[in-house]
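What follows is a single structure, written as structure tokens, with notes after it.
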Amino acid sequence: MSAHILIDQQDRVGLITLNKPEKLNAWDRPMRDDIVRALRDFDRDDGVGAVVLTGAGERAFSAGQDFAEAHDFDADRAEVWIREWETFYGTLRRLTKPIVMALNGTAAGSAFQVALLGDIRVAHADVRMGQPEINAGIASITGPWIMKEILGMSRTVELTLTGRMMPADECHRIGLVHHLVPRQEVLAKSLQIANELAAKAPLAMKLDRAWFADMTEAAFQHTIAAAIRAHRESYASGEPARMMEDFMAKRR
């Protein structure tokens, strides 16, 4: 594993911590590969009954895609990129053990999507969640599909087209965040929930999670194919690179 994620086990819970706080835990391919490898290792470990995913630092669970990686994509690299997300999302969907998301800070873009692919989400009052990709010129294809499954079409359209970030109280009110606790209790609450889940019947848990994935598998594969088409067109146009530059200039 790289230094960009930390691995631990507490009781019967595997803990993965995103560890690039200086970049708001934004991920690139090596970091995503490490996360997938850690998830699969915990899934094969009979001593682990559940997994918690969290971030280092106080500002962000993850800012999502690292623009330093995505800025120079062309159409072919964009297609490979989507296949990488298929692996990451597919691993989250097909894990045999439950996943608790300990949201220590903002979850934006692909990190918002990853958070939604967990089973239970714990956050504090300063957390924000949303799909701001349009503000950086990145088309949203996988994100709206994941959001629609949980939020319905109307709110999915609004969040995707505006790029608005939702505050924690709104996330809690509409059911995206299951437990809203003080900042210093997010990880402890998440570990408590994960240990409770780890004590459940393992075969029933495995079968339940598999069925959740099976119910949406056809739509997931359709979404990946659509994302490849859209991102090939988008990155071939050069628009994402121009918009990312503008976005980062405004932030600076």
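Values computed for the structure shown
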read-out	value
Neighbour net charge for Glu58 - beta-carbon separation under 15 angstrom, K R +1, D E -1	+2
Table column - 3J(HN,Hα) (Hz), the stretch 176-191, Karplus curve with 6.51, -1.76, 1.60, x for Gly and Pro	6, 9, 7, 9, 10, 10, x, 3, 6, 9, 4, 5, 4, 5, 5, 5
Nearest-0.05 FRET efficiency for Ile7 and His222, computed from C-beta distance (R0 25 Å)	0.15
Summed side-chain charge close to Val177 - residues other than Val177 whose Cβ falls under 10 Å, Lys, Arg +1, Asp, Glu -1	0
Per residue, in Å², the accessible surface of the chain once ligands and nucleic acids are set aside, probe 1.4 Å	45 Å²
Gain on full stretching of the segment that runs from Asp41 to Arg94 - 0.36 nm per residue minus C-alpha separation	17.7 nm
Heavy-atom accessible surface of the stretch 95-137: percent carbon and sulfur, 1.4 Å	52 percent
Span from the the stretch 222-241 Cα centroid across to the the stretch 76-129 one, whole angstrom	20 Å
Alpha-carbon Debye profile of the chain, log10 I(q)/I(0) at 0.07, 0.09, 0.12 Å⁻¹	-0.22, -0.36, -0.66
Derived scalar couplings ³J(HN,Hα) [the stretch 31-40; Karplus, 6.51 cos²θ - 1.76 cosθ + 1.60; whole Hz; x for Gly, Pro]	5, 4, 4, 5, 5, 4, 4, 5, 4, 5
3J(HN,Hα) from dihedral phi, the stretch 147-161, Karplus parametrisation 6.51/-1.76/1.60, rounded to Hz, x for glycine, proline	4, 4, 4, 9, 9, x, 5, 4, 5, 4, 4, 4, 5, 5, 7
Net charge of Cβ neighbours under 14 Å - reference Arg93; Lys, Arg +1; Asp, Glu -1	-2
Asp74/Asp246 FRET efficiency (R0 25 Å; Cβ-Cβ; nearest 0.05)	0.80
Rounded tilt (10° steps) of 239-251 against the dominant C-alpha axis of the chain	70 degrees
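The values are calculated or read from the model by the stated rules, or taken from the named source; none is laboratory data. Model, not experiment: these values are computed from the prediction. Glycine also receives a Cβ, built like all others from the backbone with ideal geometry; neighbour counts cover every protein chain displayed. We work out accessible area using only protein heavy atoms, side chains counted, and drop any ligands, DNA or RNA first. Shrake-Rupley method; radii C 1.70, N 1.55, O 1.52, S 1.80 Å.
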